Structures are given as structure tokens and as C-alpha cells.
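Here's the structure we're looking at; comments come further down.
The values are calculated or read from the model by the stated rules, or taken from the named source; none is laboratory data. This structure is a prediction, so every number in the text was calculated from the model and none was measured. Cβ sites come from the backbone with ideal geometry, for glycine too, and all protein chains shown count toward neighbours. The protein model used for the area step is the full one, side chains on, heavy atoms only, and it has no ligands, DNA or RNA in it. Shrake-Rupley method; radii C 1.70, N 1.55, O 1.52, S 1.80 Å.
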Amino acid sequence: MSYKITDACNGCGACKKVCPVDAIHGDKKKPHVIDAELCIECGACGRVCPREAVQDGFGIVCEMIKRSEWGKPVFDRKKCMSCVICLDACPVGCLTLSEAVPKDPHGYPSLNNEEACLGCGFCAYECPVDAVTMDYDRRGGGRG
Amino acid sequence: MGKGYMGKILTVDLTVGDITEEIIPDDVYEKYLSGMGLAAYILYNRIPAGADPLGPDNILGFVSGLLTGTGSLFAGRWMVVGKSPLTGSWGDANCGGNFSPAIKRCGYDGIFFKGISSRPVYLYIGKGKAELRDASHVWGRDAVEAEKMLLKDTPAGARVALIGPSGEKLSLISGISNDGGRMAARSGLGAVMGSKMLKALVLSGANRIAVHNREEIKKLSRKCNKWVQFQPPFLPGSMMPYVGAFMRMMPTVLAQDGMLYKILLRKWGTGSLNQMSIEMGDSPIKNWKGNNEDFGPKKSVTTNPDVFTDREMIKYHCYSCPLGCGGICSMTGKYSETHKPEYETVLALGGLCLNEDVDSIFYLNEALNRAGMDTISAGATVAFAIECYEEGILTKKDTDGLELSWGNSDAIIALVDKMISREGIGDILADGSRVAARKLGKGSERFTVHAGGQELAMHDSRNDPGFALHYSVEPTPGRHTIGAGLYYEMFQLWKKVKGLPKVSPLYFKGSKYVVDEEKAVRGAACSKFMNVLNGAGLCMFGSFLGANKIPTFEWLTAATGWNKGPEEYMEIGERIQTLRQAFNVKHGIEPKNFKISDRAVGKPPLSGGANKGRTVDIDKMMEGYWEQFGWDIVTGKPGAECMARLDIEVQ
């Protein structure tokens with residue numbers, strides 16, 4: 001279910017800027033709206049809103065979190081099967097495959113562009129073998 | 001809650017530039033699944049009878065699969081569909097890489113094009129918007145180069161499917177490329193894309209794919225992955241021809257468990273078969289008139305599978321594949337790297353032409369991938385041309401001085417380059433062997449080996465009559481990726497589907513050639529099952545693990561929440577097969593005309609080698625197969641009663 005913006009919105013535009021699928025529209029200093037058809041529920045809008053004006057699909061108000069404290073994926077190479085599901089799941093394309101090493105010809109995923117990562121957790125959610133987990137505690141909090 | 005599919009398609013009219021979203025009712029998916037089944041439903045209903053495959057009425061569709069993006073494994077296959085200009089029938093081609101999920105990430109199960117654009121264009125979808133963009137800057141560029149150029153202007157994670165110069169030049173053996181030269185090669189659908197002036201699809205979506213029970217799918221995937229990761233040490237590549245020779249010498253066949261092939265695929269890829277298949281009689285040699293003795297281990301040693309893995313820089317996994325049979329190889333010369341040449345490519349450009357020069361195969365693999373030309377049909381057409389040269393039908397004057405003798409790799413390279421650029425004799429050969437034979441005349445038709453115009457793949461139907469059957473009876477003729485005696489053994493469907501016959505673990509070779517009802521049942525089961533796989537977007541190699549190890553039906557039920565079991569899914573497969581056959585009938589195809597060339601059924605039989613004296617009674621096999629579907633056993637056409645039983649509305 002799509003995220004929603006409430007009347008508390010002051011039109012600062014932070015959510016519109018961070019949305020990876022251009023699902024948010026609205027003029028500067030005017031209330032913004034999320035297009036439910038386009039929303040992929042990554043939650044980034046909620047994490048950047050200074051007014052607590054974003055609700056998730058269940059109506060729970062999202063808490064603003066410093067970007068440096070957003071969860072980041074951690075990869076378990078022993079469980080990973082190199083299937084690239086996580087790379088495809090990422091809405092901003094911030095993961096990459098490693099080069100092969102002499103004793104292991106398969107490539108493995110890693111976080112290539114930490115700044116672009118939205119901490120959405122889709123990579124972890126879609127991994128069938130639990131080889132990706134989100135580290136929410138590393139930086140002292142984040143989206144649970 | 002979702003059901004694995006997106007419930008929408010995008011249709012694009014290139015003549016007027018209209019782009020329309022369409023909602024597909026749930027009952028269509030319940031009847032046909034997604035992927036090729038959905039495509040069969042759309043194309044059967046919307047392409048007018050008798051439409052010119054290269055005209056505006058033909059529809060070219062790009063479809064993902066129902067299981068793609070749901071958490072199942074091996075679900076990275078996409079398909080391109082349309083009326084084939086090569087065979088005049090239903091056409092499709094299947095490919096891996098990362099393009100299949102990209103279709104669904106844009107919110108669609110399929111993207112369908114009709115009409116013809118007045119200028120080169122490509123379709124761009126990003127952030128919920130679809131638009132046609134000018135493609136004049138990439139028109140004429142090869143598929144690898146153009147893909148890089150198109151990706152330069154798009155966000156990270158975008159995916160491209162496109163044609164190379166062969167598709168632009170309407171070569172009837174051209175295909176569609178993605179991920180740097182992987183090819184949906186067969187049926188000549190690259191020419192359909194070229195005829196529409198459509199260079200590429202560039203997809204950059206991030207839609208979520210909702211399913212009924214993702215946790216259940218993941219649980220099934222984890223169990224399946226354990227089988228895939230089981231990889232005991234195996235023989236070195238140099239031993240593979242001896243394994244093949246042992247199989248040839250045995251009077252009996254040991255029914256194959258697909259786990260063995262899985263181990264070979266993970267270690268080497270399809271190239272594991274390069275020498276083994278020749279020795280056991282699975283590879284056609286010297287344009288199907290030779291045998292394994294003409295291209296023995298001392299000649300084929302250059303294509304020892306270790307040669308390919310030695311050049312492999314990294315394994316290549318398609319989307320959601322835990323196995324990774326592909327690879328990216330380094331090479332020297334004009335190009336620095338290439339997708340690891342597949343068995344089909346190595347044999348079509350190697351043994352079929354008696355070519356021992358592996359470096360030429362690496363070059364041709366990359367050159368053909370970039371051009372967007374099918375390596376199987378290209379190799380088969382070169383072999384045909386060499387035989388024409390040997391028989392005096394082609395002379396040095398015709399070949400612009402090329403000494404077109406068996407195994408002359410310099411001449412083979414020069415000839416393929418001419419086919420790609422459509423120069424001189426290459427212009428005649430660029431549309432495949434059947435069209436070339438019609439143009440050359442002088443009885444050259446007897447040197448073509450095809451079904452309905454589609455060159456046969458590198459699996460000898462005299463060794464496994466199941467290949468003869470599926471080459472001849474499928475609505476997409478000449479294909480090796482649907483069924484065979486061997487495939488039935490590996491699919492192990494009897495472990496899941498009630499009433500299907502079990503294969504004996506050991507049987508005499510001669511029994512393969514006995515035509516009976518049980519063989520027809522097996523053949524029909526392969527066709528139905530492959531339609532299910534192609535509706536799900538699953539990989540055939542994954543399914544070789546066997547029905548107890550890869551949970552195809554269970555994944556489908558967990559994704560959709562439908563109350564269906566294996567028998568119901570097999571009925572869907574039957575419906576798709578009948579609909580595709582009805583598509584052919586609607587377009588004036590006589591199914592019996594798809595019977596493969598005499599040479600491929602051993603008429604006359606070979607006088608030496610692994611398949612010495614073998615003849616396949618293809619007519620009887622075709623009748624038996626049609627009977628299994630309830631189609632007319634004389635014409636191969638589905639009747640009104642059969643269509644009504646499967647709830648298909650006749651067009």
C-alpha cells in the first residue's frame with residue numbers, strides 16, 4: 001500500500017527530491033501528494049520529512065532519520081548464490097558485483113554507492129537465501 | 001495481495017506513435033499463465049490472418065514470466081514473440097540475462113509493438129512514463145556498442161534489448177540481444193523488429209512485484225538451491241570425449257538424472273558437451289552427412305571445455321539463477337571479450353563445418369552476437385554453402401574468391417562477415433539455408449537441413465528420435481529447447497504428474513527407435529511442460545534438475561494462490577500448445593510441412609559412426625503426437641471440439 005502525505009506538509013520538497021520513482025508532486029511551499037500508482041513503498045520520503053507528514057501504508061507516521069543513520073545492506077558471501085536478485089531489487093542501482101578471484105569464479109554483490117542507498121531493504125527482502133541483512137544498528141538507529 | 005503477475009501490458013502502435021496501457025483480466029492468466037501463454041493469447045487474437053511478418057500488422061511482443069521477481073530461482077528468462085518471417089508460423093525466442101525482471105519492474109507482463117515507425121526509434125520507460133525516442137544515433141551500430149550508448153543516458157540499473165545491424169538489414173536469421181550480446185536468436189524475430197524500425201527497448205523501472213506467499217516461495221527456493229550448490233569434484237575436460245565414447249559403445253542407455261548435467265553446467269556451462277556429444281552421436285557433423293569419425297577427439301580437442309573456462313574471467317548468472325552456466329571470456333584480436341561460446345555455437349561453427357580453429361569460433365561468436373545474427377542458423381547456413389561449393393553449385397566466382405572448403409576457418413570467417421554485411425554471396429545466405437537454396441536452385445535444396453525453414457540445432461535426431469519429433473511438430477519448428485527423449489528423462493515429470501510413464505533406469509538403445517503410444521505421451525508431456533515453464537519465465541536447464549528438486553508447480557501455486565496442482569498446470573500447457581497450433585492454422589500453415597529434412601531422420605541412413613544405420617519413422621511419430629492433443633492425425637490441425645474442450649475461442 002502506498003505511503004501518504006498528511007496536512008502537516010509544509011511543501012519543503014525534501015520528499016520529492018529523494019523519491020527514486022518521481023511519485024511525489026506538488027509546488028514549493030504547497031502540500032505535496034504521493035501518486036499511489038507509482039509509489040514503491042521504499043519509505044525514503046518518510047525518513048527525510050522534517051514535519052512527520054508522511055504515513056506508511058498502515059497509517060503509521062514515519063520518523064525523520066539522519067541519512068547517515070539509514071540502514072545499509074550487509075552481504076553474507078557464504079550464503080550468497082550470486083543470483084543478482086538483490087541488484088535487480090535495488091530501486092537506485094547502488095549495488096554492484098565484485099570481480100572473480102582465482103579460487104572462486106563467481107561475482108558477489110556489494111554496496112557500490114553508499115550515498116545513493118535509500119536503506120529501503122528491498123535487497124534483503126527479495127533475497128531468497130537470507131544472504132542480505134539490513135544493518136540498522138551500525139549507526140545508532142534507523143528504519144525498523 | 002498479488003499473484004506474481006503485474007496484470008497489465010503495454011501496447012505501442014509505431015505507425016502513429018500511440019502508447020496504451022491495458023489491463024488483462026485475471027482469468028486470462030488462470031488460463032494461459034503469463035509469458036508465452038499470455039503472448040499466445042494476444043497474438044492469436046490480434047494478428048490478422050495472413051499478415052505479412054515484416055508488415056505493419058505483425059505484432060512483436062516482449063514478455064516476462066509469471067515467476068520472475070517472485071523469489072523463485074531460475075526465473076530470469078524473457079521471450080520475444082511474433083509471426084516468424086523465417087517460417088511463416090508462430091515465432092518465439094527465449095533469452096536470459098536481466099531483461100525479464102526489467103519488464104515487470106516497469107509494471108507490465110509484456111510490451112507489444114504493432115505498426116511501422118517512419119524513422120528509427122527506441123522505446124524508453126522510466127519513472128512511470130513510456131515514450132518513443134529517436135534512435136538515429138544508434139541505428140547501424142552493433143548490439144554491444146549501441147547498448148552501451150543507450151545506457152549512458154539512463155539511470156543505473158536500466159536494461160536494454162535491441163537489434164544489431166542484421167536485424168536492421170532484415171536478415172531472416174537475426175535475433176534480439178540483451179546484456180552485452182546474449183541472444184533471443186531463433187525464429188528470425190530480429191528482422192521483425194528491424195522492419196518496424198524499432199532499434200531497442202530501454203527499461204528503467206522499480207515497481208514491486210507482489211505475490212501471494214513470498215515466504216513459501218523462498219522456502220522452496222532454499223531447498224532447491226541446496227541441490228544446485230551440491231558440486232562434487234568432477235573429471236577434467238580432457239576426459240569428456242571418453243565419457244561420450246563410452247556411451248556410444250554401450251548397447252544400453254543409462255537413463256540420465258539431470259543432477260549430472262547440473263554438475264557439468266556449473267563447472268563448464270553448455271560447452272561441457274562440446275566433445276562428449278560428438279563422441280556419443282548427439283552432434284551433427286559435416287552438415288549432417290558426416291559422423292563422429294570425421295571429427296574425432298584429435299580434431300575436436302581444440303574445443304575441450306577447459307579451453308573455454310581457461311579464458312573465463314567471471315561466471316555469468318542470469319537473474320535469479322544460482323547455477324551460473326554462462327561466463328565472460330577474454331579473447332585476443334578485434335574484440336577483447338565475449339560471452340562464453342555456447343555448445344550450440346561451438347558445434348554449428350565447428351563440427352558442422354569441420355572447423356577445428358577455436359579462435360575463429362570465439363571471433364564468430366562475438367561478431368554474430370554484435371550483428372544480432374543467430375549462431376545456429378549462421379553455422380548451419382555456412383555448412384550448407386560449403387556443401388554447395390563441394391558439389392559445384394557454388395564456385396569461386398560466386399564466393400568472390402573464397403575457397404569454401406570444409407574446415408577452412410579463414411574462408412568461414414570471411415563468409416560470415418559477408419552474411420553480416422549482406423555483401424555478395426552473403427546477401428543470399430543472410431536469410432538462412434532454405435531461402436538461399438531457393439535462390440541458388442540447381443538441386444541445392446537437398447543440402448538444407450531444417451524444419452519449416454528453421455535450421456535445426458546441434459542435437460542429432462538420429463541419435464535421439466525425440467528431437468526429430470519436437471523439431472517437426474512444434475508450432476515453432478526446428479527447436480531443441482522443448483522436448484526430447486533425454487529431456488523427458490531429466491524433467492522426471494512422472495514424480496509429480498499423475499499418469500505419466502516412468503522411464504526405466506536402463507534400456508536398450510534400439511528401443512529409442514520403436515514408435516509407440518508411450519513415446520507420444522512423453523513427447524506431449526514435454527511440450528506441455530515447456531509451455532508452463534515459458535509462461536512462468538523459468539529456465540529449461542534449471543528444470544533438468546528434475547521435478548522433485550525444482551518445485552515449478554509449487555512455486556506457481558505459492559505465487560498465485562491458485563488452487564491448482566501439477567495436472568491443472570499441465571492442462572494450461574496443453575491449452576497454450578493448442579492455441580499456438582491454432583495460430584499457425586489461422587495463418588495458413590500446414591503442420592505436416594514442418595517435417596524435418598530427410599537427412600536428419602536417416603533417409604538414407606549414415607554408413608558409419610555412432611548413428612550408423614539409424615532411421616527414424618517420423619511420420620508415425622508425428623501422428624501419435626497429434627493424437628495426444630486431440631488434433632487431426634492426418635493434418636495436425638486442432639478441430640473445433642478440441643478448441644472447445646480447452647475453452648479456446650476460435651478466431
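Checking B:Gly107, B:Gly126 one by one, the residue that is of a type outside the set (Val, Ile, Thr), over 20 Å from B:Asn58 (Cβ atoms), out of contact with any helix residue (DSSP H, G or I) (no Cβ under 9 Å at 6 or more places or on another chain) and crowded, with 21+ Cβ neighbours inside 10 Å is B:Gly107 and no other.
All of B:Gly392, B:Gly401, B:Gly426 fail the test of being open to solvent by less than 10 Å² (accessible area, probe 1.4 Å), without any contact (Cβ under 8 Å) to a residue 24 or more places away in the chain and either part of a loop (DSSP other than H, G, I, E, B) or under 19 Å from B:Leu352 (Cβ atoms) (or both), apart from B:Gly426. Within the set B:Gly69, B:Gly88, B:Gly110, B:Gly115, the sole residue that is of a type in the set (Gly, Ala, Ser) and within 14 Å of chain A (Cβ to nearest Cβ) turns out to be B:Gly69.
For the stretch B:147-189, the set of residues classified as among the hydrophobic types (A, V, I, L, M, F, W, C) and closer than 30 Å to A:Cys117 by Cβ consists of B:Met149, B:Leu150, B:Leu151, B:Ala156, B:Ala158, B:Val160, B:Ala161, B:Leu162, listed by residue number. Between B:Leu364, B:Leu347, the distinction of being touching a Pro at 6+ places or on another chain (Cβ under 8 Å) and either part of a helix (DSSP H, G or I) or open to solvent by 10 Å² or more (accessible area, probe 1.4 Å) (or both) belongs to B:Leu347 only. Do you know which of the residues in the stretch B:295-329 that are within 12 Å of chain A (Cβ to nearest Cβ) and among the polar types (S, T, N, Q) is most open to solvent (accessible area, probe 1.4 Å)? Here the residue is B:Thr309. Only one of the listed residues (B:Gly602, B:Gly630, B:Gly561) is touching a helix residue (DSSP H, G or I) at 6+ places or on another chain (Cβ under 7 Å) and small (Gly, Ala, Ser). That residue is B:Gly630. Restricting the stretch A:90-112 to residues that are more than 8 Å from chain B (Cβ to nearest Cβ) and outside any strand (DSSP E or B), the residue that is modelled with the lowest pLDDT is A:Pro102. With respect to being in contact with a strand residue (DSSP E or B) (Cβ under 8 Å, 6 or more places away or on another chain) and touching a residue at least 40 places away in the same chain (Cβ under 8 Å), B:Gly478 fits the description.
Look at the stretch B:488-513: where a residue is more than 15 Å from B:Gly258 (Cα to Cα) and a partner is open to solvent by less than 50 Å² (accessible area, probe 1.4 Å) and acidic (Asp, Glu), sitting 6+ places away or on another chain with Cβ atoms under 8 Å, you get B:Lys512/B:Asp464. Based on what the data block shows, is A:Lys30 out of contact with any helix residue (DSSP H, G or I) (no Cβ under 9 Å at 6 or more places or on another chain), more than 9 Å from every other protein chain (Cβ to nearest Cβ) and open to solvent by 50 Å² or more (accessible area, probe 1.4 Å)? Against the criterion (out of contact with any helix residue (DSSP H, G or I) (no Cβ under 9 Å at 6 or more places or on another chain), more than 9 Å from every other protein chain (Cβ to nearest Cβ) and open to solvent by 50 Å² or more (accessible area, probe 1.4 Å)), A:Lys30 qualifies.
Here B:Leu201 fulfils each of the conditions (1) surrounded by fewer than 24 Cβ atoms within 10 Å (Cβ to Cβ); (2) outside any loop (DSSP other than H, G, I, E, B) apart from (1). Every condition in (1) touching a Ser or Thr at 6+ places or on another chain (Cβ under 8 Å); (2) surrounded by fewer than 21 Cβ atoms within 10 Å (Cβ to Cβ); (3) more than 12 Å from chain B (Cβ to nearest Cβ) is met by A:Cys62 except one, and the failing one is (1). Scanning the stretch B:429-456 for residues that are closer than 20 Å to B:Ser360 by Cα and either open to solvent by 40 Å² or more (accessible area, probe 1.4 Å) or not in a helix (DSSP H, G or I) (or both) returns a single hit, B:Ala430.
What's the number of the only condition in (1) of a type outside the set (D, E, K, R); (2) closer than 30 Å to B:Glu312 by Cβ; (3) surrounded by fewer than 17 Cβ atoms within 10 Å (Cβ to Cβ) that A:Leu95 fails to meet? Evaluating A:Leu95 over (1) of a type outside the set (D, E, K, R); (2) closer than 30 Å to B:Glu312 by Cβ; (3) surrounded by fewer than 17 Cβ atoms within 10 Å (Cβ to Cβ) leaves (3) as the failure. Of the candidates A:Met81, A:Met134, the single residue that is within 10 Å of chain B (Cβ to nearest Cβ) and aliphatic (A, V, I, L, M) is A:Met81.
Take the stretch A:113-126 and flag every residue that is open to solvent by 10 Å² or more (accessible area, probe 1.4 Å) and facing chain B (nearest Cβ under 10 Å). Of everything in the stretch A:113-126, those that are open to solvent by 10 Å² or more (accessible area, probe 1.4 Å) and facing chain B (nearest Cβ under 10 Å) turn out to be A:Asn113, A:Ala116, A:Cys120, A:Phe122, A:Tyr125.
Being open to solvent by 10 Å² or more (accessible area, probe 1.4 Å), touching a Ser or Thr at 6+ places or on another chain (Cβ under 8 Å) and either in a helix (DSSP H, G or I) or basic (Lys, Arg) (or both) narrows it down to one residue among B:Leu220, B:Leu151, B:Leu189, B:Leu170; which is it?
Numbers: B:Leu151 fails: touching a Ser or Thr at 6+ places or on another chain (Cβ under 8 Å); B:Leu189 fails: open to solvent by 10 Å² or more (accessible area, probe 1.4 Å); B:Leu170 fails: either in a helix (DSSP H, G or I) or basic (Lys, Arg) (or both).
That would be B:Leu220, the only listed residue that is open to solvent by 10 Å² or more (accessible area, probe 1.4 Å), touching a Ser or Thr at 6+ places or on another chain (Cβ under 8 Å) and either in a helix (DSSP H, G or I) or basic (Lys, Arg) (or both).
Scanning the stretch B:550-609 for residues that are of a type in the set (Asp, Glu) and outside any loop (DSSP other than H, G, I, E, B), we see that the one that is least open to solvent (accessible area, probe 1.4 Å) is B:Glu574. Across the stretch B:60-99, what is the total count of residues that are surrounded by fewer than 24 Cβ atoms within 10 Å (Cβ to Cβ) and either of a type in the set (Val, Ile, Thr) or free of Cβ contacts under 8 Å to residues at least 24 places away in the same chain (or both)? Here the count works out to 0.
Where residues in the stretch B:493-508 are more than 14 Å from B:Gln256 (Cα to Cα) and of a type in the set (A, V, I, L, M), which of them is surrounded by the fewest Cβ atoms within 10 Å (Cβ to Cβ)? Per the stated criteria, the residue is B:Val497. Check off (1) buried (at least 20 other Cβ atoms within 10 Å of the Cβ); (2) in contact (Cβ under 8 Å) with a residue 60 or more places away in the chain; (3) within 14 Å of another protein chain (Cβ to nearest Cβ) for A:Val18 and give me the number that stays unchecked. Failing condition for A:Val18: (1). Scanning the stretch B:404-423 for residues that are under 17 Å from B:Glu387 (Cα atoms), part of a loop (DSSP other than H, G, I, E, B) and open to solvent by 10 Å² or more (accessible area, probe 1.4 Å) turns up B:Ser405, B:Trp406, B:Gly407, B:Asn408.
Which of the residues spanning the stretch B:168-209 are hydroxyl-bearing (Ser, Thr, Tyr) and under 21 Å from B:Arg434 (Cβ atoms)?
Of everything in the stretch B:168-209, those that are hydroxyl-bearing (Ser, Thr, Tyr) and under 21 Å from B:Arg434 (Cβ atoms) turn out to be B:Ser171, B:Ser174, B:Ser187, B:Ser195.
Of all the numbered requirements in (1) aliphatic (A, V, I, L, M); (2) crowded, with 19+ Cβ neighbours inside 10 Å; (3) within 14 Å of chain A (Cβ to nearest Cβ), B:Ile278 misses one, and that requirement is (3).
Here B:Gly180 meets the list (1) within 14 Å of chain A (Cβ to nearest Cβ); (2) part of a helix (DSSP H, G or I); (3) in contact (Cβ under 8 Å) with a residue 12 or more places away in the chain almost entirely, failing just condition (2).
Checking each residue in the stretch B:70-120 for being in contact with a Pro (Cβ under 9 Å, 6 or more places away or on another chain) and hydrophobic (A, V, I, L, M, F, W, C) picks out B:Leu73, B:Phe74, B:Ala75, B:Trp78, B:Leu86, B:Trp90, B:Ile116.
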